[in-house]
């Protein structure tokens, strides 16, 4: 199911691209059908060590947000559009960073931490 949420669903792929672009890691977006765990491992190896906790945090947050969105669509007949979900995820990342969660602070640019 998580693999489908990462690459199998067009909506999910757009969210991943949008989120990775915001943190200048757009090159990590892939269309390949690789399991989430394999993709995460390759992605971590391709970035600086100082950003690895940040990418782990972002992967968790995006996957969790997509999972919640899917559950809302299936069980509650509610749906967010891409233009609403992506900013919502970024706002959650900003809040976590401001609360002192260093993972997001390492991957988000200062301008994104301020909400610009």
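The values are calculated or read from the model by the stated rules, or taken from the named source; none is laboratory data. As the structure is a prediction and not an experimental result, all values here were calculated from the model. As a convention, Cβ positions derive from the backbone with ideal geometry for all residues, glycine included, and neighbour counts pool all protein chains shown.
Things to note:
- Taking the numbered list (1) farther than 19 Å from residue 101 by Cα; (2) at pLDDT below 80; (3) surrounded by fewer than 16 Cβ atoms within 10 Å (Cβ to Cβ) in turn, residue 67 passes all entries but (2).
- Looking across the stretch 8-30 at every residue that is in a helix (DSSP H, G or I) and more than 18 Å from residue 87 (Cβ to Cβ), the one that is modelled with the lowest pLDDT is identified as 8.
- Scanning the stretch 73-116 for residues that are outside any helix (DSSP H, G or I) and modelled with pLDDT of 75 or more yields 76, 77, 78, 79, 80, 81, 99, 100, 101.
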